[in-house]
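A quick write-up on the structure given underneath.
The values are calculated or read from the model by the stated rules, or taken from the named source; none is laboratory data. A quick note: this is a predicted structure, and the numbers were derived from the prediction, not measured. Cβ sites come from the backbone with ideal geometry, for glycine too, and all protein chains shown count toward neighbours.
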Ligand code: SAH
């Protein structure tokens, strides 16, 4: 079987080419074709000699993500992609300030959160750094055809990125590198359910990315019911880790809080949340819960959303209500899975 070069780092490509007796700089040419020009056939790489192209195609292949299904709404496109046999969804959101892509870090998810579709079938496997890159590049290749590009990335799709730490960092480094999209770290956001030791590992790398922490409840009792990970890393430990992250990187941490009608959306709970986050360099992103057919949770009322955010505001905690993207095509937060959810 030919070895797939797509998704390899420049260093790995150099290694492969040197093994064929080629000069290192050829790897840069290959990377530019694959990652910046969307060319997936050796034949078309016309700054490589015919002889080299023939040798490459004997040993290697270039296999980007394969599209299984695509769903469009006016501002959002959801893609179901095949990545070396694993199926994952990713989402393009067209904001007025640019194109943002939400990618998956794992096929399936082991975290078992009560409100989320991604975990219904458990974890299938970790994605490699190259497979995370492939999701972004699939969408970037499409955007190139409209003379556009990917401007920012959120790792908020299926999976827990901090449970796939090394691949996540490999991906962040690759998407930042000039041989791919060269995106500034400030345009990258990683969301976690709160794996404390790995929040600290991430902080130690001191990359200026944005960290989002999924909180969703202001007490351990309720959070443990909604998010099993809370039995391992409780609220206080998670928020303390967020504090260390902010201190180390100087970056404001975003706390995500799904509002579920009648469960965690009272003004008393808003006060508890404000207490928990006082003294933190943080803001709160309120997410009215998106429906998942297998789950029975209520949407919050407009009044509850307003009251909740006013209580936070009055206590000096900035909050935004997440603009809903893609719920009509089941592409919103918590609705992604590894099958056609249509
Ligand atoms: N595992 C990481 C990355 C997934 S991010 C994390 O937990 O942060 C997905 C975001 O969508 C998280 O904030 C998650 O809690 C939220 N989410 C999950 N299910 C949802 C639902 N039904 N409605 C709204 N948001 C949801």
Condition set under 23 Å from the mean Cα position of the chain (by Cα) and not in a loop (DSSP other than H, G, I, E, B), scope the range 277-299, selection nearest to the ligand (Cβ to nearest atom): answer is 287
Only one of (1) away from the ligand (no atom under 16 Å from the Cβ); (2) at pLDDT 95 or above does not apply to residue 239, and that is (1)
*Would you be able to say whether some residue in the range 24-36 is more than 24 Å from residue 88 (Cα to Cα) and assigned to a loop (DSSP other than H, G, I, E, B)?*
yes
Within the range 193-210, residues farther than 14 Å from residue 249 by Cα and in contact with a strand residue (DSSP E or B) (Cβ under 6 Å, 6 or more places away or on another chain) come out as 193, 194
Taking the range 321-342 and the residues there that are within 16 Å of the ligand (Cβ to nearest atom) and in contact with a helix residue (DSSP H, G or I) (Cβ under 8 Å, 6 or more places away or on another chain), the one that is farthest from residue 120 (Cα to Cα) would be 321
Subset of the range 16-30, residues free of Cβ contacts under 8 Å to residues at least 12 places away in the same chain and out of contact with any helix residue (DSSP H, G or I) (no Cβ under 6 Å at 6 or more places or on another chain), comes to 18, 19, 21, 23, 25
Output for Cβ contacts, cut-off 9 Å, separation at least six or different chains, first residue farther than 17 Å from residue 205 by Cα and without any contact (Cβ under 8 Å) to a residue 40 or more places away in the chain in the range 146-170, second within 16 Å of the ligand (Cβ to nearest atom) and in a loop (DSSP other than H, G, I, E, B), reads none
Quick count over the range 84-100, residues being closer than 26 Å to residue 61 by Cα and within 14 Å of the ligand (Cβ to nearest atom), is 3
Checklist line | Hey, residue 268 in a helix (DSSP H, G or I) and assigned by TED's automatic domain parsing to the domain that holds residue 193 or not | finding: yes
